[in-house]
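Visitor: Dropping the structure in here first, questions after.
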Amino acid sequence: MPGKDYYGILGIGRDASQDEIKKAYRRAALKWHPDKNQERRAEAEEKFKDIAEAYDVLSDPEKKSIYDQHGEEGLKGGVPGPDPAGGMPGGPGGFHYQFSGDPNDMFARFFKDSFHRSSSFGESPFEEMFGMFGGMGGMGGMGGMPGMRGGMSQGSQAVRPAVFDLPCSLEDLYNGATKKMKVKRTSSTLARDAEAVLEVEVKPGWKAGTKVTYAGEGDEIGSSGKAQDVVFVIREKRHATFTREGSNLLHHRKIPLVDALTGFKVDVPMLDKKERILRVNVSDMVSPNFAKVVKGEGMPSSKLADSKGDLIITFDIVYPSSLTAEQKEKLKAALPRS
């Protein structure tokens, strides 16, 4: 295929779904963001732009269709114009595409949308249930537990596990934590205590959806001598200042216009047990769609020791509510019009 290979740029196959295209863009854009590649910034800026162009095309069904059929050359001017009945869009000379977006704006919008989308959801619907039954308060009989998924259906041969959501704060998932859960279980033939304390060792970097299984710790099913497994599913509580996306932490700040124009420092309270404050210097002029990437200040990896994701900070600019005539004149004198 002549021209750029957008699929190759994002590292995906031609049959990739839109969700896979988004994930590929996220991965590639973070890898080649200029903030993370200061030692080879010129190369990173070029790759960052190509990644943005590839995503701009492949995330748009219309542009993607033309590219799939005609390649970059056809996309940027080699496709015949539409027939009178209505077909492929374009002027008399055919479809003309030119990437004119700002790669930094695209990146910032992508992660700002992720932040707001994640922040719009509340805590786990099972939070109240664990406030009552979790910790050392007891879970009660597993078979009749509200919110339980699974259980033993009548006449079923298999013993299904009793599955419960275990809400964890972002601090828990960053530092690791021990959650003690007191369970009450019924027994007919099994010689065991009516209560047990199960300790869930939450590892640093665990993600929502991680499952921890305790074999045979639930209710005995009838007088079979078999007991349910107890499964806890890690759920992430909403955090006041961060949202998590994979191994990255997203943080959003409002800044005054004067800071956006002149540079500033932002202090970010991190999730460490020692309550570390990270000072981030921003010397760039900040547009509404600007993002600052701080390498290695995201979530730890549960699989790779000493490996962390990134901190991605996006901004909203707060404009002054009013200016005096003198301030307006000074701004006119100080700021260029083009």
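The numbers here are math on the coordinates, done by the rules we state, and not lab data. The shown structure was predicted, so the numbers you read here are calculated from the model rather than taken from an experiment. Neighbour counts run over all protein chains shown; Cβ positions are idealised from the backbone, glycine included.
Visitor: Highest mean first, how do 55-68, 239-252 rank when packing is the count of other Cβ atoms within 10 Å averaged over residues? If you can, show how the numbers build up before the last one.
Guide: Values: 55-68: 17.6, 239-252: 19.5.
Highest-to-lowest ranking by the protection proxy: 239-252, 55-68.
Visitor: Now for a separate question. For the cross-link pairs Lys23/Lys273; Lys254/Lys292; Lys22/Lys64; Lys184/Lys211, which exceed 25 Å when the distance is taken from alpha carbon to alpha carbon? Walk me through the numbers before you get to the answer.
Guide: Details: Lys23/Lys273 31 Å; Lys254/Lys292 13 Å; Lys22/Lys64 14 Å; Lys184/Lys211 20 Å.
From the list (Lys23/Lys273; Lys254/Lys292; Lys22/Lys64; Lys184/Lys211), the Cα-Cα distance tops 25 Å for Lys23/Lys273.
Visitor: Given Cβ point charges of +1 (Lys, Arg) and -1 (Asp, Glu) and nothing else, what value in debye, to the nearest 20, does the dipole of the range 214-338 about its Cα centre take? Present the calculation step by step, with values, prior to reporting the outcome.
Guide: Values: 20 positive and 17 negative charges, 125 e Å.
It works out to roughly 600 debye.
Visitor: Still on this model: Pop out the ³J(HN,Hα) list for the range 49-56 in order, Karplus 6.51 cos²θ - 1.76 cosθ + 1.60 with θ = phi - 60°, rounded to Hz; leave Gly and Pro as x.
Guide: 5, 4, 5, 5, 5, 4, 5, 4
Visitor: Rounded to two decimals, what is the ratio between the C-alpha radius of gyration of the range 242-321 and 2.2 N^0.38 Å? Walk me through the intermediate numbers first.
Guide: Details: Rg = 13.9 Å, N = 80, 2.2 N^0.38 = 11.6 Å.
Ratio of Rg to 2.2 N^0.38 Å for the range 242-321: 1.19.
Visitor: Using r as the Cβ-Cβ distance of Ser224 and Ala305, and R0 as 30 Å, what FRET efficiency do you calculate, to the nearest 0.05? It would help to have the intermediate numbers written out before the result.
Guide: Working: r = 43 Å, r/R0 = 1.43.
It comes out at approximately 0.10.
Visitor: I've got another one for you. I need Met181, Met270 ordered by Cβ neighbour count within 10 Å, fewest first. Walk me through the numbers before you get to the answer.
Guide: Values: Met181 23, Met270 18.
Arranged by neighbour count, lowest to highest, Met181, Met270 become Met270, Met181.
Visitor: Please sort 3-10, 32-39, 159-166, 262-269 by packing, taking for each peptide the average over its residues of neighbouring beta carbons within 10 angstrom, highest first. List each step's numbers first, then the result.
Guide: Working: 3-10: 18.5, 32-39: 16.5, 159-166: 21.4, 262-269: 13.4.
In decreasing order of mean packing, 3-10, 32-39, 159-166, 262-269 become 159-166, 3-10, 32-39, 262-269.
Visitor: What's the long-distance tail for the range 277-338, i.e. % of Cα pairs beyond 17 Å? Write down the numbers at each step before the final one.
Guide: On the way: 1200 of 1891 pairs.
Tail fraction, whole percent: 63.
Visitor: Return the long-range amide H neighbours of Leu278 (sequence gap of 5 or more, or a different chain), with a cut-off of under 5 Å between placed amide H atoms.
Guide: For Leu278, the qualifying residues are Val268, Met270.
Visitor: Cross-link candidates for Lys4: which aspartates and glutamates have Cα within less than 14 Å, leaving aside residues fewer than 8 places away along the same chain?
Guide: List returned: Glu46, Asp50, Glu53, Asp56, Asp68, Glu72, Glu73.
Visitor: Then there is this: Using the Cα centre of the range 293-334 as the reference point, and only Cβ charges (+1 on K/R, -1 on D/E), how large is the resulting charge dipole? Debye, rounded to the nearest 20.
Guide: Values: 6 positive and 6 negative charges, 17 e Å.
That gives a dipole near 80 debye.
Visitor: Between their Cα atoms, which of Lys47/Lys76; Lys180/Lys303; Lys63/Lys207; Lys63/Lys265 are more than 30 Å away from each other? Present the calculation step by step, with values, prior to reporting the outcome.
Guide: On the way: Lys47/Lys76 19 Å; Lys180/Lys303 24 Å; Lys63/Lys207 35 Å; Lys63/Lys265 40 Å.
Lys63/Lys207; Lys63/Lys265, as the Cα separations exceed 30 Å there.
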